[in-house]
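Only one structure is covered here, and it is reproduced in the block below.
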Amino acid sequence: MRRLKRGDQLVVATHNPGKVWEISKLLEPYGLHAVAAGEFGLEEPEETETTFVGNAKLKAVFAAESTGLPALADDSGIEIDALDGAPGVYTADWAGPNRDFSIAMERVNEEMVARDGWKDPAPRANFISVLCLAWPDGSTELFEGKVYGHIEWPPRGTNGFGYDPIFVADGETLTFGEMEPAKKYAISHRTRAFESFKRACLEGA
Ligand code: IMP
């Protein structure tokens, strides 16, 4: 498998500032020069696939082919057991066109109320991240990470992004929104996917 080495440029193929921050932090120790897709003026491709793998590939391949550089994309979401895994691959869509995650979390609450899902004191949920590394020739490598826990209502905390204020990881009492960012990314789904990515693709890891 080809590897990335210190000093190589890597496009972080996302327009989500929370993800750019977390992925750049994870890459920092390896001396890669991480550049967000937005800095190349790339549009965000429409996520037309119905799986995390499909959408991660689509975003990474688009960025790698457009820039001629290797690109790393994340497709992620939250899966809530009482909602049969929803919002899942549609996690971002639940936030509407303005990506307002207070709306998304309200929708979770409404759907949980409609299904009597809150009666379980700790309704099971997990975050999932699929990372895709794409090379400019279109070849790809895929890595998956999950963090399990439960959701709570009402939302708590202003750290992180997305659904962080309603998710509590197993063994924790604070939501991801209340945790120090360093603590969250030590255990997050994205970090777990990143561990596999770095073992396979980063020189010196
Ligand atoms: P996408 O991967 O761009 O389709 O968007 C995934 C969505 O999942 C994000 O917009 C977030 O709302 C949510 N999400 C992914 N990772 C996290 C996380 O670490 N915390 C909170 N929400 C997340």
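The values are calculated or read from the model by the stated rules, or taken from the named source; none is laboratory data. As the structure is a prediction and not an experimental result, all values here were calculated from the model. Virtual Cβ from ideal backbone geometry, glycine too; neighbours counted across all protein chains shown.
Residues that are within 20 Å of the chain's Cα centre (by Cα), within 20 Å of residue 88 (Cα to Cα) and modelled with pLDDT of 95 or more occur in the stretch 110-124; there is at least one. If we scan the stretch 46-55, do we find a residue that is crowded, with 18+ Cβ neighbours inside 10 Å and within 21 Å of residue 146 (Cβ to Cβ)? There is at least one residue in the stretch 46-55 that is crowded, with 18+ Cβ neighbours inside 10 Å and within 21 Å of residue 146 (Cβ to Cβ).
Within the stretch 64-93, which residues are of a type outside the set (D, E, K, R), within 13 Å of the ligand (Cβ to nearest atom) and in a helix (DSSP H, G or I)? Of everything in the stretch 64-93, those that are of a type outside the set (D, E, K, R), within 13 Å of the ligand (Cβ to nearest atom) and in a helix (DSSP H, G or I) turn out to be 88, 89, 90. With respect to (1) surrounded by fewer than 18 Cβ atoms within 10 Å (Cβ to Cβ); (2) touching a helix residue (DSSP H, G or I) at 6+ places or on another chain (Cβ under 9 Å), the lone exception for residue 84 is condition (2). Once the stretch 168-205 is narrowed to residues that are under 13 Å from residue 22 (Cα atoms) and in contact with an Asp or Glu (Cβ under 6 Å, 6 or more places away or on another chain), the residue that is nearest to the ligand (Cβ to nearest atom) is 190. Residues in the stretch 188-197 that are buried (at least 20 other Cβ atoms within 10 Å of the Cβ) and either not hydrophobic (A, V, I, L, M, F, W, C) or not in a helix (DSSP H, G or I) (or both): 188, 189, 190. Scanning the stretch 154-164 for residues that are surrounded by 17 or more Cβ atoms within 10 Å (Cβ to Cβ) and over 17 Å from residue 19 (Cβ atoms) yields a single hit, 155. The combined condition, being assigned to a loop (DSSP other than H, G, I, E, B) and within 21 Å of residue 20 (Cβ to Cβ), is fulfilled by residue 43.
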